[in-house]
Structure formats: C-alpha cells, structure tokens
Amino acid sequence: MTWPRAAWDFPYQPARRESATAQDAALDVVVATHAQVDATSFARALEGLGAPVSVETLIARAPLHWTRVRSSARAASDDVAARLSKLGVRYVASARGETMLAAPTLAISEAQRARPSSGGDGWTPRLRAPTHRESTAAGRWFLGDGGGVVVDRRACGTGAGTRLAVIEDEIADLEHLELDSVVYVGVESAPATTGHAALMVAWSTGAAPADSARFVGVAPDASVRLYCIPKPGVDAVSLPLAIAKAVFDGADVVVCATYVEGTVSPMLDDALDVATHLGRRGRGTPVVLPTGRETASPGDSIHASLSLGLGDPASDARIHCIAPGGRGGGWFLWRNARGKIRPFSNRGPAVRWMTPGDDISYPFSSRDRLFHSESSGASAIAAGVILLVLGCNPKIRLHELHAILERTIDAPTDLAVDSLADPADILPKGYDRDGHSAKSGYGRLNATRACVAARDPVALELVAMGHDDLAVAWCRRRRPYSRRAGRWAARRLLARPDLAHGVRILLRHLRLVAAAPSRNAAHARGAWVRQLAIVLRELLRASPPPLVRDELARMLDLLTDAASAEAHTAIEHAAHALFRELDRTESGAARVPILNATLRS
C-alpha cells in the first residue's frame, strides 16, 4: 500500500560528504582564547610536540581571539587544548576540517560594538547620486513586479549610507566596479578566472562598464568592499574570519555566494554570533547565503538530492538563506537540452526568502544580454533589498528586520509545469500554516512594501491591511511627525502587535468613513482623537529617545486638552479628508494643511 505524501514532504536526503579527519594529519588548528596570548607563550606551551610550531594571530579583537597553530607534528586537538590549558583556552578546532561542535558562549556583553572606523582605512559610505538612469530592458524584470522584488525608488531610495561586504574567491572584472577596497583573507592574491564576484556586486549595487551605461543594481548607492577568501577545500577558518572582519569593519550586510559547504566550525559559530550581537553598533548585521544547488543523487535514491543539508552553513538559523525565483513569481525552473524542466536550487527547512534567479540582465554588456543568476544572484539581490530597508531605517535591529521582511513578502506563484524531468524535483507541493515552503521559504521579498513599512508606522499598518499604494503615497507626503519619530514608532509597532491593532482600528475607521462620509455623524464626536491619544500614550510608555519623547508628549498634550474640542473636530475632519485624498491618488502630492498644522503647532 502506498501512503499519500504530505504537502510539506519532499526527498530530503542531501548527498553526504566525507568529513576530513584531522587526527592523523599534521597539526593545523585554531586556538580560541578568552584574551590575547602572545606567540612566545604558545610556543613555550607546545614545546613537547617534538617539532617546531608556527603561530599566527588571525584576529585579536574582543571577544574574538583566534590564533592559528601549525606544526609538522601530529597531535589531537584535545592534546593541544590540554597543553594550552593555562592560557585561557575556549576551544581548539581544526583549521581545515569541518566540525559540528558549537563554540562556548562568547562574552558578548563585555565587547565593544562594531562600528565603521575613520581615517585612512575607514569605510566611508556613499552619498545618494543626483540621478540614476535605470534601464527598462526586459532583463531588468528582477527589479519590477511580476516575479521581481518590486523596487519603487520613490519609496525605497538607493541604499545611500549603507555598506555591503561581499565574500568571494575570484576577482575577475573588478575594473568595472566601484569598490571601496579589496581585502584578502587567508590569501595573498586571488584568481581572476571568472567574474562571479563582480556579478554579485553588480546585481546587488551596480557596475560601471567602460563601453556601456552604468548598470544600476538594487541598491546603487551602497558602498561595497570585497573580501577574498581561498578556494574551497583549503581551510575552514577563512570564511568565518572574513565575516568577522567585515562586521568589525562596519558592514551593514554581508553576502557570500561562493562555495562554502564543509566549513562549519566553532569559528563560524563565533563569527555569526559577532554579526548577530555586535554588528551595526549592536543592532545586528544580516549575513546572506544562497541555498546552493547540490544535484548529486544519494546512493539509495533515484532522485536528485536538491536538498540543503542541516549541517551546511546556509542552514544556520542566523543566516538569511535565499532561494532563486523565476519570472511570474514561482520557483526557478529551467529547460535542459532535451526539453525537460528541472530546478536549479536546493530545498530545505532553513530557506528563508526567495528573490529572482532566472534570466536577468548581464551587467557588463552594452545590450540586454540575459544571464542565469541562480541562487547566487538571488542572494545578491536579497542583500540589495536588505540594504534598501536599512537605508530607510538605519536603527532597525536584526529581529525587527526579519519581522518587516516576513510581514511584507509576496506569496510565491505556483505555475503549471509540464515536461518535468522528475516530478519529485518540484516537491513539496504545499505550505505550512506559517506560509513556509522548503522551496521558497516564507515568500518573495518585496522591496517597496518593506521599505515603507520600515520608515513609518502608518505605512506599516496600511501595508498590513493590503493598501500598498496608500502606504507609498503617505510616505511621500509631509507627515504630521518627524522622520525620526516615524522610524522609531514603526519599530515599536513591530514589537507590540496589540498596539499595531490600535493603529489599524484608526485606519479602518477612516477607510469606512472615507467610503461614505455621512457615516461619521453616527459616531461620537472626538472618539477618533481619543483612540489616537491612547496609542500615543502607549508609545510614550515604551521609553522613546528624548527627542521622540518630547515630540510625542506635545502631540498627546494637544489631543488630551479638554478645551480643544474644536481642534479635535478639525483633526477628525482632516484625517477623514486625508484618507480620501490618499485613496484618490498614488502620488500623495496634495496636502491637508489643517492636520499638519494642528499636530505640529
């Protein structure tokens, strides 16, 4: 008897990799200590190994103190740890082989938060360019609707003031890019055989080919640094070291789309902890990785694996794991030479978001040449979207960023597919109750929706109600509160679903009255102002920054003044007129001076 397959089920069986065994190899380990230890102390403690010891400081910035110890002698990590026990060792791990051991807890609370440095090596952000001439060619669909990430520059901006770190192992075509600098991690130079790194930079931010117009990426005014690491199989420490360096250098987003499978280690655990808790002045730096595309078949299966293993770096819960999408909004599928349809991406529980990975414009061509971006390009596009959101509200914390992206996604579109090479390739068929699918995560990122939600509390709740155009129009007008107050209030509503409901009560009331203004007479005069005062009072109880607190207090004083009944009526009528005006136009060009003047007085 054949049991029916559950809607969430698929052949979840990644091809197994043989882990490197470092026990019988020459000594090559990373020693993590609680504080910096000098090379002489290491050498003295390891004198009994029977061979000279090479000691290299990899990073010495609290809370990370990593030292690489190498020798021709053969010794187990436990033996090395025992010899170094008096030096304050946290752990000893192979510098070459993968291990699933989690690192001991870092002393995060005692460490300095990461922030961009100043001076000669400082990472200076770029200011917004006066204008960007964006092409409307067919291959530019990834920025638009219909499967793209929906970038409306009026709402999203250009990512000015943000910093992107791209971790790669190739440096071809860098002459076409506008880079802040190139940082070598674990290598003295890098091969220039492919332009993979350049493509990641171009799709996420942009490129400036000499023989064609500037290619405008998702966040064209973000500043980019490239961190070059060794090719796969060389070591297991360069990736986490590059992540840590990028975070300490001040990166707002880190993306790595090169092959990094087999590099899980306590060092990676440490680096992601630093990114999560110390990055962006303690707000958290998102790290973006693609799903990859493991197409091997396990020995006991007739299906391609197409599975992201739980032990792969992209499966770490602190990673933003990105799947590729296609035109029309579905999962990325391609037709092979025999006319058969196949996917080109792994699936798994860790997939978080989906962005375009189908044929998109090749950045280094004067004509609109299409190029398969796959999951690598999808991760670069996702990094660009996150840069736009952080540009709209730089003080968003990492958990708030996830909440905004999850609340503003587009649901994938499951298109009818014929000529499948293997029906199991496009499983699972359904979605969990929280909207998650092993193929597309929680859904496709929508930049415009996320950006307006991040910058303004009213826009946040209009988006939640399904009024995207009204949210954009509201953000483009002069609002009755400062940009600082709007950004802070949006963050608070993310943390207070009950308070968000209070804002939606006000907006839904306005929507109903705007549809038929005669309905307003049936409601108690001043009821809308009373509800608004309750929301403001709760916001004040949430410990806002001093300038925001003073602004909210002034507004609350106005609304709760018993002698201002006429002002209350004026505010109500202005709010009703405002919603009607927003509903009539997407531009939001018209203003309602009564509301603005009253609340700002």
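Here are the numbers:
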read-out	value
Filter pass, Ala137 being exposed (fewer than 14 other Cβ atoms within 10 Å of the Cβ), outside the structural domain of Ser41 (by TED's automatic domain parsing) and within 25 Å of Asp368 (Cβ to Cβ)	yes
Matching residues, segment 56-86, being assigned to a helix (DSSP H, G or I) and more than 19 Å from Asp270 (Cβ to Cβ)	Asp78, Asp79, Ala82, Arg83, Ser85, Lys86
Strands (runs of 3 or more DSSP E) (entirely within segment 342-382) containing at least 2 residues that are closer than 15 Å to Arg444 by Cα and either among the hydrophobic types (A, V, I, L, M, F, W, C) or not assigned by TED's automatic domain parsing to the domain that holds Ala207 (or both)	353-356
Conditions (1) part of a helix (DSSP H, G or I); (2) of a type in the set (D, E, K, R); (3) modelled with pLDDT of 90 or more: number failed by Lys439	(1)
Counted residues, segment 114-127 - those being touching a helix residue (DSSP H, G or I) at 6+ places or on another chain (Cβ under 9 Å) and surrounded by 14 or more Cβ atoms within 10 Å (Cβ to Cβ)	4
From Val260, Val234, Val253, residue being among the β-branched types (Val, Ile, Thr), crowded, with 22+ Cβ neighbours inside 10 Å and touching a Lys or Arg at 6+ places or on another chain (Cβ under 9 Å)	Val253
Which listed residue is surrounded by 14 or more Cβ atoms within 10 Å (Cβ to Cβ) and within 27 Å of Ala323 (Cα to Cα), from Val183, Val187, Val149	Val149
Among the candidates Ala190, Ala236, residue that is outside the structural domain of Ala32 (by TED's automatic domain parsing), at pLDDT below 95, within 30 Å of Ala102 (Cα to Cα) and of a type in the set (Gly, Ala, Ser)	Ala236
Hey, Leu462 buried (at least 23 other Cβ atoms within 10 Å of the Cβ) and over 23 Å from Leu582 (Cβ atoms) or not	no
Count of residues meeting criterion [within 22 Å of Ala453 (Cβ to Cβ) and either modelled with pLDDT under 90 or of a type in the set (Asp, Glu) (or both)] in segment 512-550	2
Scope segment 97-117; condition β-branched (Val, Ile, Thr) and part of a loop (DSSP other than H, G, I, E, B); matching residues	Thr99, Thr105
Conditions (1) at pLDDT below 85; (2) assigned to a loop (DSSP other than H, G, I, E, B); (3) not charged (D, E, K, R); number of the one not met by Ala317	(1)
Filtered residue count, segment 239-281, keeping only those that are under 22 Å from Ile171 (Cβ atoms), touching a strand residue (DSSP E or B) at 6+ places or on another chain (Cβ under 9 Å) and among the polar types (S, T, N, Q)	1
Odd one out for Gly328, checked against (1) surrounded by 24 or more Cβ atoms within 10 Å (Cβ to Cβ); (2) outside any strand (DSSP E or B)	(1)
From Ala495, Ala485, residue being buried (at least 20 other Cβ atoms within 10 Å of the Cβ) and at pLDDT 90 or above	Ala485
Residue check for Ser297: buried (at least 23 other Cβ atoms within 10 Å of the Cβ), in contact (Cβ under 8 Å) with a residue 40 or more places away in the chain and more than 21 Å from the chain's Cα centre (by Cα)	no
Subset of segment 555-570 (residues that are surrounded by 13 or more Cβ atoms within 10 Å (Cβ to Cβ) and either at pLDDT 80 or above or not hydrophobic (A, V, I, L, M, F, W, C) (or both))	Met555, Leu556, Leu558, Leu559, Thr560, Ser564, His568, Thr569
Scan of segment 63-85 for residues that are in contact with a helix residue (DSSP H, G or I) (Cβ under 7 Å, 6 or more places away or on another chain) and either within 18 Å of Val274 (Cα to Cα) or at pLDDT 85 or above (or both), ordered by number	Pro63, Leu64, Trp66, Thr67, Val69, Ser71, Arg83, Leu84
Selected residue (criterion: farthest from the chain's Cα centre (by Cα)) from residues of segment 273-286 that are in a helix (DSSP H, G or I) and crowded, with 23+ Cβ neighbours inside 10 Å	Val274
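Residue-wise test of (1) over 19 Å from the mean Cα position of the chain (by Cα); (2) farther than 17 Å from Ser305 by Cα; (3) without any contact (Cβ under 8 Å) to a residue 40 or more places away in the chain.
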{"site": "Leu333", "(1), (2), (3)": "yes, no, no"}
{"site": "Trp353", "(1), (2), (3)": "no, yes, no"}
{"site": "Asp358", "(1), (2), (3)": "yes, yes, no"}
{"site": "Ser361", "(1), (2), (3)": "yes, yes, no"}
{"site": "Ser375", "(1), (2), (3)": "no, no, no"}
{"site": "Ala403", "(1), (2), (3)": "no, yes, no"}
{"site": "Pro412", "(1), (2), (3)": "no, yes, no"}
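Listed here are the residues, each with its yes/no results for (1) among the acidic types (Asp, Glu); (2) assigned by TED's automatic domain parsing to the domain that holds Leu268; (3) at pLDDT below 85; (4) not in a strand (DSSP E or B).
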| position | (1), (2), (3), (4) |
| --- | --- |
| Trp3 | no, no, yes, yes |
| Arg16 | no, no, yes, yes |
| Thr21 | no, no, yes, yes |
| Ala32 | no, no, no, no |
| Gln36 | no, no, no, yes |
| Ala43 | no, no, no, yes |
| Ser54 | no, no, no, no |
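Matching residues to (1) in contact with a Pro (Cβ under 6 Å, 6 or more places away or on another chain); (2) in a helix (DSSP H, G or I); (3) without any contact (Cβ under 8 Å) to a residue 12 or more places away in the chain:
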{"position": "Leu510", "(1), (2), (3)": "no, yes, no"}
{"position": "Ser518", "(1), (2), (3)": "no, yes, yes"}
{"position": "Arg525", "(1), (2), (3)": "no, no, no"}
{"position": "Ala533", "(1), (2), (3)": "no, yes, no"}
{"position": "Arg537", "(1), (2), (3)": "no, yes, no"}
{"position": "Asp550", "(1), (2), (3)": "no, yes, yes"}
{"position": "Ala553", "(1), (2), (3)": "no, yes, no"}
{"position": "Leu556", "(1), (2), (3)": "no, yes, no"}
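Matching residues to (1) of a type in the set (D, E, K, R); (2) in the same structural domain as Trp331 (by TED's automatic domain parsing); (3) buried (at least 21 other Cβ atoms within 10 Å of the Cβ):
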site	(1), (2), (3)
Ala421	no, yes, no
Asp425	yes, yes, yes
Gly441	no, yes, yes
Ala471	no, no, yes
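The values are calculated or read from the model by the stated rules, or taken from the named source; none is laboratory data. Just so it is clear, the model here is predicted, and its values are computed rather than measured. Virtual Cβ from ideal backbone geometry, glycine too; neighbours counted across all protein chains shown.
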